[in-house]
1. Please report the net charge: other residues with Cβ closer than 14 Å to the Cβ of residue 63, K and R +1, D and E -1.
2. DSSP beta bridges in the range 1-70, what fraction antiparallel, as a percent rounded to 5?
3. Give me 58, 32 sorted ascending by neighbouring Cβ count inside 10 Å, so fewest comes first.
4. Taking Cα pairs under 8 Å and at least six residues apart, what relative contact order does the chain come out at, in percent?
5. Can you list the lysines whose alpha carbon sits under 21 Å from that of residue 41, skipping same-chain ones fewer than 8 residues off?
6. Between beta-carbons, use under 12 Å as the cut-off and find the net charge around residue 14, counting Lys and Arg +1, Asp and Glu -1.
7. Just the projected area, averaged over all directions, of the convex hull on the alpha carbon atoms of the chain: how many nm²?
8. Which net charge results when you count Lys and Arg as +1 and Asp and Glu as -1 among the other residues whose beta-carbon is under 12 Å from that of residue 75?
Amino acid sequence: MATVKPILRMFDHAKAIEFYVGWLGFNIDWEHEFEPGTTPKFMQVSLNDASFYLSEHHGDGSPGAHVNIENFTGLRQYHQQLNDKHYKYGRPGLEVPEWNQRSINMTVYDPFGNQLIFSEKE
């Protein structure tokens, strides 16, 4: 089975860590830099079965990408956990998409304009 991993553009490594690790709870699987303490950085992040790359490299990804994280288990609980953290740049809601009344979605926007849509079938 093939694996597809999008590359999302980031412009500030510390802000990406604050958002993806501090608020969303992703893990950093690995990071690459050409020399210690230098930029640009490139890393893989993951949460449950979802993983993708974040890159500061010019030409990697475009701001404003959309990523669907489907079949997310425990979305209602995860949603509550995120809102309980009172992150000052995000208070996502849950929505039932009109095209699929048997699922719920939660959309978050990262600091670089990328959109992550978490969905779970109910």
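1. Details: positive: 9, 15; negative: 12, 56, 60, 110.
Combined, the nearby Lys, Arg, Asp and Glu give -2.
2. Working: 11 of 14 bridges.
If I count the DSSP bridges inside the range 1-70, around 80 percent turn out antiparallel.
3. Working: 58 7, 32 12.
Ascending Cβ contact count within 10 Å gives the list 58, 32.
4. On the way: 213 pairs, mean separation 31.1, N = 122.
Averaging sequence separation for qualifying contacts and normalising by length gives 25 percent for the chain.
5. Cα-Cα hits under 21 Å: 5, 15.
6. Details: positive: 15, 41; negative: 12, 18, 56.
Around residue 14, the charge tally is -1.
7. Details: hull surface 33.7 nm².
Answer in nm², one decimal: 8.4.
8. -2
Bear in mind that the values in this text are calculations on the coordinates, not laboratory data. Values in this document were obtained by computation on a predicted structure and should not be read as measured data. Note that we place each Cβ from the backbone using ideal geometry, even for glycine, and neighbour counts take in every protein chain shown.
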